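The block underneath contains the structure these notes are about, expressed in structure tokens.
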Amino acid sequence: MKNKTKKLVTAGILCSLAYAAAALGRVPLVLFLKYDPKDVVIAIGGLLFGPLTASAIALTVSLAEMFTISENGILGCFMNVVSSCSFACTAALIHQKRRTFAGAAAGLLCGWGCMVAVMLLWNYLVAPVYMGCPRESVVKLLLPAFLPFNLIKGGLNAAITMLVYRPVVRSAGVIFRDIPRN
């Protein structure tokens with residue numbers, strides 16, 4: 001029971017950190033697209049506790065953003081959840097199979113690729129509604145705008161997560177005896 005409480009408290013702290021990263025770390029890149037490092041925190045939660053925890057953190061933070069700092073409403077919330085989950089849950093799922101530094105690296109690279117592919121599809125489907133323009137206009141933006149944005153976003157998130165992975169896992173291994181230290 002103690003570890004469940006620790007996990008819940010840690011997930012809550014990660015939600016707070018991810019929200020702070022989203023609120024304070026927003027950097028406009030292209031069109032209405034802004035980079036924020038919240039997916040780093042969500043991915044760390046996923047690497048520590050698995051894809052369900054990553055999805056719970058992503059949903060919680062996206063809902064909090066929608067009601068406070070986002071101008072994008074329910075569509076923005078949906079796109080945030082899809083983007084964060086495609087990155088962090090993919091990384092966590094692969095890392096679950098191989099709980100090592102190499103497994104985390106492979107998971108983050110796959111998460112990066114998955115997020116890019118998934119977001120190109122969802123931008124194709126949702127951006128015309130959000131932007132209020134014909135789908136043909138969005139198609140023209142997929143390669144010059146949406147693809148580079150998602151490549152940069154995923155690459156930064158994967159790289160930063162890899163930088164903080166070992167210290168976080170070592171610290172968590174002290175708190176949670178069942179998390180292997182790498």
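The values are calculated or read from the model by the stated rules, or taken from the named source; none is laboratory data. Quick caveat: nothing in here was measured; it's all calculated off a predicted structure. Here the Cβ is made from the backbone with ideal geometry for all residues, glycine too, and neighbour counts use every protein chain on show.
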So Leu108 fits all but one of (1) surrounded by fewer than 20 Cβ atoms within 10 Å (Cβ to Cβ); (2) touching a Ser or Thr at 6+ places or on another chain (Cβ under 8 Å); (3) touching a residue at least 60 places away in the same chain (Cβ under 8 Å); (4) of a type in the set (A, V, I, L, M); what number is the exception?
-> (1)
Name, by its number, the condition in (1) over 16 Å from Ala159 (Cα atoms); (2) assigned to a helix (DSSP H, G or I); (3) more than 13 Å from the chain's Cα centre (by Cα) that does not hold for Lys34.
-> (2)
Selection count, the range 46-100, where residues are over 22 Å from Ala172 (Cα atoms), among the aliphatic types (A, V, I, L, M) and more than 12 Å from the chain's Cα centre (by Cα) = 6
How many residues are surrounded by fewer than 17 Cβ atoms within 10 Å (Cβ to Cβ) and within 17 Å of Asp36 (Cα to Cα) when one looks only at the range 74-105?
-> 1
Among the residues of the range 122-141, how many are over 20 Å from Val81 (Cα atoms) and either assigned to a helix (DSSP H, G or I) or of a type outside the set (Gly, Ala, Ser) (or both)?
-> 9
Close pairs from the range 78-104: first over 10 Å from Pro51 (Cα atoms), partner modelled with pLDDT under 95 and not in a helix (DSSP H, G or I), Cβ under 6 Å, at least 6 apart | Arg99/Pro180; Thr100/Asn182; Phe101/Asn182
Residue that is surrounded by the fewest Cβ atoms within 10 Å (Cβ to Cβ), among those in the range 37-71 that are in a helix (DSSP H, G or I) and charged (D, E, K, R) | Glu65
